[in-house]
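Working notes for the structure below.
Read-outs throughout are calculated quantities, based only on the coordinates presented, and are distinct from any laboratory measurement. Keep in mind the model is a prediction, meaning the values are calculated, not measured. Positions of Cβ are backbone-derived with ideal geometry, glycine not excepted, and every protein chain shown enters the neighbour counts.
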Amino acid sequence: MEKKKILENLAAAIVEGDRNKAKEVAKEALSNRIDPLEAIEQGLSKGMTTVGERFEKGEAYLPELLMAADTFNAGMEILKPEMEVQKKQVAKAGTVLIGTVKGDVHSIGKNIVATVLEIHGFEVRDLGVDNPSLNIIQEAEKVKADVIALSSLMTTTMPAQKEVIETLKEMHLRDKYFVIVGGGPVNQEWADKIGADGYGKSAVQAVEIVKKLLAKKR
Amino acid sequence: MLNFLDVYERALKGPIMSENDFDIKIFIPTLNKVVREYGIKYDKENPVPSDDKIADNLFKASVDFMSQVGVYCQDTNRVIQFTQKEILEAVGEAPGKCFVGEGKEAGVFGMRKPDDHQVPWLHVGSGIVATSEEMAANKIESYASISEANSMSVAALDNIRGIPIMAGSPAELYAAIRSIKIAREAIQRAGRPGLPIMNLIATAASAVTTIAASAPQFGLRPTDGWLCGTVAEMKIEFGTLNKVAYLLNWGANIGAETAPILGGYCGGPAGTAVVSTAYMLVGLLVHKGNYQLHFPVHFKHGCSTTRDVLWVVSISCQAASRNISMPLIWLGYMAGGPNTKMYFYESAAWLLCATVSGAPSVQTPHPAKAVLIDGFTPMECKFGVEMAKSAARFDRQKANGMVIRLLEKYESKIETAHQGSRYQDCYDIVTGKPGEAYVRLYNEVKEELVGMGIAFE
C-alpha cells in the first residue's frame, strides 16, 4: 500500500477510536519502511488533531477524546520500539502537571483539559483529585513541569488554588513554573487576584494559554 | 431490598479495577452499546417529546445499563454491582413520598406524572450559589416568605468573619454551623419556623463537617434533608457513604444528589439520557434516598438550558416519573444571571420542560451557572414559583411549542450570556427589597411571556 494511504489509515484509526486498527496499520507502516516519526506526526497525530477539532466544534465529546488518546497509545506501542532503535524522539510541546486542588473531587473538567492538552502534543501528568498544595509542588519538581494547571469546581475550594501559588512563593519556586487556573466558578478576575499566570474558560482556551506561556519562556 | 451494609460489602468485594479502566472499558462501551440496542435517539426538533413509549424504553435501557455497569467506589477501586432483579425490586419498593418539615410547614413531598396538572412541590433557594455572611439572613427570610414555597435550600457561606472557607478546614465547620443558625433564625423571622431545609449542608464540602455540624444542638432536624452526592459518572466515595450511614442511623431524610454531564463521559444527549435515568436507580440502591436532587448540565456551557440538555431533562424526567417512585427535585442552571431578561427566558423554558414531564418538584433555577457569589436573589425564587404554577397548566405538546419559541429568544446567546447583578447590586440590603430597575425588568419580562401565551395567576 502506498505511504499516503497508510498514513491516512493511521489517522482514521484514531478518529474511529479503533485500537486494533491502529496497531495493524502501525505494523504495516513499519513493514513498508515508513519512518516511525513520520507515522506518528503525519498519521496518529493528524487523527488526534481531527478529533480535537471535532471536539472544539461540539461534534465530539469526552468519550471520543478518550478513545482517540487510548488508540494513539495503542499505535505508539508498535511504533515506539522502532523509534528507540532509530534513536528518534517525538518533540514534546512541554510538560503540564494538572490536578484538582485540595477538597475538590470533581474531575471531569480537569480530565477534558488533560486530554485536549495531550492531543496538542503536551506531556501531561495528571495528579487526579483532592491534592494538597505541597503534594502538587513536589510532583511538579519531580516531573520537571513547565506548567502547573489547577482545577476547582467549588467556590469553597478556590482558595486552595491561591494556597498553591502562595506556597510556591514561600518555597522560592514561583518563577520556576507557570500556574494556570480553571473550573466552573473561576474567572479571569480571580486568576489576576491570586497572581496566576493564566485562566482558561474552556479546554481549548487552556491549550492556547499554555502555548502562549511556553512561547514566552522560549 | 438490599440494606446499606449489603451495598457496602459489595464495595469491598466487587470486581477490582482502576478508575480509568472503569471509564474506558466499562462505562463508555456499555453506554454506547445500550444506546444502540435500545435505539435511544436525540430528537432535536422536540425538546419536550410526548411519546410515553420512548420514555418507558429509556427506563428499560437505564435498568439494563445499571446492571451492566454498576457504581464505582473510588476508595476501594471496586465496582458495586446489582442484578436486574435487585434493581427492579428496589424500584418496586421505592419510597414514593418523603415526609419533611414541622408544625404547619410539615408536608408530604410525593410523585407527579407527565402532563399532570398538579403543581409540583415548590423548592426555593440555592445552596451552591455561595453568599457572603452579611447578606445571608435577608435573602433566606425573603425566600421563606414566599407563601407557596414548600421547602428551601440555603446558600453556602463564602467566608466566616472574613476568613475564606476552605473545604475540610476548621473554618468550614465554623461556617457550616453559622449557616444553619442564620438560616433557622431567618426562616423563623419569616414566620415559618417549621419550613424544611433540604440541601444540607451546603457550606460543608467534606463529610466530616456535614456530620459534625448536623448535631441537633446546632438546629437541624431529621425532617430536614441532607444531600449526599455522587461523582460523575456513576462513582461514589466513602465520604458520601459515611454521610449516608450517619443519616440512616439517625432516621433523617437522605437526598441523593446526582448531576450527569452532557458531553462528559456520557457523550451526547442519548447517552446522557440513559445515565440521567440510571441515576434514580443509584439513588434508590446506593444512597437509600428518601428523595433526590438531580441536575443534568452541559459540559461546555455549564448550564441546563441548551436544547440537548432540555431534551435530556424532559425524557429522563418522563422515564423516571412514569416508572420510578422517587420524589425528585429537578434543578436547572441558567446561563444568564439575576436582573437579565435572558435568565427569565431560560428559566421559563426549563420550568416548562421539567414540570410537564412529571417533575415531582422543581427548584428555583440557578442564575449565572451558579458561579457568581451573591448571584442569586429572591426575585428568581418568586418567578420560579409563579412560572412552575403556570407550567402545570400545560401539557407536553403545548409546552414543546412554547419551549421552542423561548429557545429562539436565548439559544444563540448562551455562549455570551451576562452574569447579571449580585444581590447587593439589585436589592436594598437593609430592607431586603428589590430595586426599582429589577422590578421593572421583571414586570416587562412577565408581560412578554403573557403575550406569548403563558398565563400567570
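With angles folded into 0 to 90 degrees, how steeply does helix A:19-31 sit against the dominant principal axis of chain A? Use alpha carbons for both and round to 10. Orientation of helix A:19-31: about 60 degrees from the principal axis.
Of the residues A:173, B:449, the one with the fewest other Cβ atoms within 10 Å heads the list, and the complete ranking is A:173, B:449. Peptide B:257-269 shows a mean partner chain C-beta count of 4 within 10 Å per residue C-beta.
Pull up the DSSP beta bridges for the stretch A:95-217 and report the antiparallel fraction as a percent, rounded to 5.
Details: 0 of 17 bridges.
Once the DSSP bridges in the stretch A:95-217 are tallied, antiparallel ones form about 0 percent.
Inter-label distance, residue B:81 to residue A:38: 4.8 nm, where each label sits 7 Å from its Cα along the C-beta direction. Largest GNM mean-square fluctuation among A:33, A:174, A:125, using chain A with Cα springs under 10 Å: A:33. With respect to chain A, whose longest principal axis is taken over its alpha-carbon atoms, helix A:62-85 is tilted by about 60°.
Classify the stretch A:50-146 as rounded, prolate or oblate from the Cα gyration tensor: take a ≥ b ≥ c as the square roots of its eigenvalues, call it rounded if a/c is under 1.5, otherwise prolate when a/b beats b/c and oblate if not.
The shape class here is oblate.
In the stretch B:27-73, the C-alpha radius of gyration followed by the widest Cα-Cα span (Dmax) gives 12.0, 38 angstrom. Say each of residue B:97 and residue B:455 gets a label point 7 Å from the Cα, pointing the same way as Cα to Cβ; how far apart are those two points in nm? Placing both labels 7 Å along Cα→Cβ, they lie 3.0 nm apart. The ranking of B:50, B:412, B:316 from fewest to most other beta carbons within 10 Å of each one's beta carbon is B:412, B:50, B:316. With a 10 Å cut-off around each Cβ of A:103-114, the average count of Cβ atoms from other chains is 5. In terms of the Cα gyration tensor, with a ≥ b ≥ c the square roots of its eigenvalues, is the stretch A:95-217 rounded because a/c is under 1.5, prolate because a/b exceeds b/c, or oblate? Rounded shape, in that the Cα axes give a/c under 1.5.
Once both labels are positioned 7 Å from their Cα atoms along Cα-to-Cβ, the gap between residue B:25 and residue B:431 label points is 6.6 nm. I want the antiparallel fraction of DSSP beta bridges within the protein assembly as shown, as a percent rounded to 5. Looking only at bridges with both residues in the protein assembly as shown, the antiparallel portion is about 20 percent. Short-range pairs are left out: with C-alpha atoms under 8 Å and at least six residues apart, the relative contact order of chain A is 16 percent. Principal-axis analysis of the Cα atoms of chain A puts helix A:108-119 at an angle of about 50° to the longest axis.
Based on DSSP H runs of at least 4 residues, each adding -39500 (n - 2.57), what is the mean residue ellipticity at 222 nm of the protein assembly as shown after dividing by all its residues, to the nearest 500 deg cm²/dmol?
Numbers: 25 runs with 324 residues, N = 675.
So the calculated ellipticity at 222 nm is -15000 deg cm²/dmol.
By the beta-carbon count within 10 Å of each Cβ, the least crowded to most crowded order of B:303, B:381, fewest first, is B:303, B:381.
Using the Kirkwood radius over Cα pairs, work out the Stokes-Einstein diffusion coefficient for the stretch B:98-452 at 10 °C and 1.306 mPa s, in µm²/s as a whole number.
Diffusion coefficient, whole number: 80 µm²/s.
Extension gain for residue A:2-residue A:54 works out to 16.0 nm (0.36 nm per residue, less the C-alpha to C-alpha distance). If the segment from residue B:56 to residue B:408 were pulled out straight at 0.36 nm per residue, it would be longer than the present Cα-Cα gap by 123.8 nm. The magnitude of the dipole of the stretch B:98-452, with charges of +1 and -1 set on the Cβ of Lys/Arg and Asp/Glu and taken from the Cα centre, is near 480 debye.
By definition, a body whose alpha carbon gyration tensor gives a ≥ b ≥ c is oblate when a/c is 1.5 or more and a/b is not larger than b/c, and the stretch B:116-246 fits this oblate description. Inter-chain neighbour count for B:160-173: the average number of beta-carbon atoms from partner chains within 10 Å of each residue's beta-carbon is 4.
The alpha carbon centroids of the stretch B:319-383 and the stretch B:220-293 are separated by 19 Å.
Computed with the Debye formula from one identical point scatterer per Cα of the stretch A:3-85, without solvent, the log10 of I(q)/I(0) at q = 0.11, 0.24 Å⁻¹ comes to -0.25, -1.01.
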